[in-house]
1. Using a Förster distance of 22 angstrom, determine the FRET efficiency expected from the C-beta separation of residue 294 and residue 274, and round it to 0.05.
2. Rounded to the nearest Å, what's the spacing between the alpha carbon centres of the stretch 383-404 and the stretch 307-377? Just the number, please.
3. What distance in nm separates the simple spin-label points at residue 412 and residue 315, each placed 7 Å from Cα in the Cβ direction?
4. Tally Lys and Arg at +1 and Asp and Glu at -1 over the other residues with C-beta under 13 Å from the C-beta of residue 309: what net charge comes out?
5. Hey, can you rank 335-345, 301-311 by average C-beta count inside 10 Å, highest first?
6. Sort out for me the Cα centre separation of the stretch 414-434 from the stretch 163-229, rounded to whole Å.
7. Given the protein chains as shown and a 1.4 Å probe, how many square angstrom of residue 551 are accessible, to the nearest 10?
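The values are calculated or read from the model by the stated rules, or taken from the named source; none is laboratory data. Quick caveat, the model's predicted, so the values are computed rather than measured. Neighbour counts are summed over all protein chains in view; Cβ atoms, including those assigned to glycine, are modelled from backbone coordinates with ideal geometry. Surface accessibility is based on the protein's heavy atoms, side chains included, excluding ligands, DNA and RNA. Shrake-Rupley method; radii C 1.70, N 1.55, O 1.52, S 1.80 Å.
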Amino acid sequence: MEHALPAAVIPESPRATTGWLALLAGLAVVAATLGLWQALTAQERAATERAVNLNLEAVNNEIGSRIDSRVLALTRMARRWSLRGRPPRAEWESDARLYLSHYAGHAAIARLEPDLRAGWVLAREPVSERDILQLVAGRNQEALQSARLRRDVRLASSLDPVTGNRLLLVCVPVFRGEDFDGFIVGVFGAQPMLEAILLPSLAQHYSVAVLDDEAEIFRRGGGTESSAADWGQERTVSLHGLEWRVRVWPQEELLERRSPLPGAVLAGGLSLALLIALTVRLAQVARLRARETESVNLELKGVVARHQQVNERLRKLSRAVEQSPSMVLITDNLGAIEYINPRFSQVTGYTLEEISGKNPRFLKSGETDPAQYRHLWQTITAGNEWRGVLHDRKKNGDLFWVHSAISPIRDAEGAIAHFLAEMEDVTEHRRLEQQVAEHNREIAKSQALAAMGQAASMIAHDLRNPLSTIKMGLQILGKKLPPDRTEEEKELLQISQEQVRYMEEVLSDLLSYSAPDALKPEWLSVDKLLDTALMLSQKPVEEHGVRVNTRYPPGLPVLYGDANKLRQVFTNLIVNAAQATSGGEKAPPTIVIDARLRLPAGDSPSIQIEICDNGCGVAPEHLDKVFEPFFTTRAQGTGLGLPIARRIVEQHQGSISLQPEVPRGTRVTVVLPLAPAHGRNGS
């Protein structure tokens, strides 16, 4: 057919036509490839810029919040002194020393008089009043006057006149009513303060710089100037009249770790363009092989499409694993770690570089049964999936519970090539389950004790009247017996009366426990309260031949409480201690009563009273039961003495505890707050 065409319709230059077609096809593919490459490059750059922006925002927020916390601490100090007036020098130095030790970079605290004279100065290094005046009043009067006029905190930046280092000054005005009473000035070293603030919050592979005007006051991390100029982002943080510029940029190793996908797409696209151009040219030149060329071309397109689909699936799978809320770990068939996702590093603290090639057994806490690990390994090496909960240890030493699902990954031939572990941190879940179980146990225990208390109350009320009748009958009988009664009759009558008194004490304890009275608080002297309790328990103390030593430091403050109930507590504890010393052989029976003032940090002051004996002590298995109602190890007694004592102490918002003494004996510690608690009404 081709030879039958007239000569006029045959193209004059078929090679030139086919060359142009091949060139146009190649250029089209090259253009598409370049467009895709630019889009991927722009997307990757946008992702990097977003990451830099997030780090910049985190650093900005961290600087603002941490410096605000330091400002707030000095403001609280100023307000407290405004309300109370100027404290004694020793108290001021104690507070200032606490602030200096608490915040990193805190160089000095000074109190300036209204005329800007330095009143009191406390610094980490020796600083004279002259240096403080030169640094604060001499160079930063504008910030001080602004703080005074605004009646608010003002920050200023200055240079140390001795070392030349950059300093941050926090100027807090002190007013007593409407009268100006000077300044509290906190001096912070900018470099150590920012280093303490930013080191924990700065992400890995990022650099940060903080500038005051054009002066760089802090810089952390490496990176070249070109990466800082190309990728750096900057924000301004406002700090009570002072503005710093914060700049964050990625380091070179982070930029070098960018995805090879754009380069691969570019190389693949250019290769594909060349291949298509050659294919088109060969197809136009060799018309006799058109069908074969078309078949090859279709096959190549199918391969490319399949490769693209595979690549897309791999990208989706990679993103899913990287962003998974569960921990993912992959090992080879011998258990050597090859991959962990970011969630694994976030929970355990380990990076892939630290644990690559190691066996996951380094996570063992030592609290999981080794048989469970053997069963795990036997299950997965047999080709089956294992599920269970393990108790592991993080890099920082903390223990955590993890629910794991470990399954084998097989190669094309069906052999086990890798193991995949999906793990979920269930520590909080288990803690909540334990709290719910403990709460349910407490509810059941409270219900049982309430029912027991109601029963005890009913029994005590029903027995009190008959017991009173018996007591009255014994007293009348004792008066009417003839003078010549025998010793056996006298002893029997005495035993009966003692048993009646014992029963009255038992009924009194039952009624006190089942129906506690409301408190009738008043201000009490601690030493008089303990002396009265000791006097009330004098009889059992003398019966057991106990020597009592008291240690009351002079000047103990008074406390607010119910005198009768507290005397009942301490009388009970002293009698218990005296009874516990009976039967001692190695040392004379001794009771030590110690009272002291407690001043815990951040809490209200209280009185701590300790009653120690050198008796037989309490068995370790009974330490958790001594405060349970009706528990006793003695032949006589209701087991309600210590529960009643604990109830009375808790009514006073206090605490009571019992510990064994060394080498023998028992120590009972009672802590009672000095000031009346809000809403204390004896309920």
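1. Values: r = 19 Å, r/R0 = 0.85.
Step by step, r from the Cβ atoms, then E = 0.70.
2. So the two Cα centres are separated by 12 Å.
3. Simple spin-label model gives 2.5 nm for this pair.
4. Working: positive: 301, 306, 313, 315, 316; negative: 312.
Value of the local net charge: +4.
5. Values: 335-345: 17.5, 301-311: 11.0.
Descending packing order for the listed peptides: 335-345, 301-311.
6. Computed from Cα coordinates, the inter-centre distance equals 43 Å.
7. Result for residue 551: roughly 140 Å² accessible.
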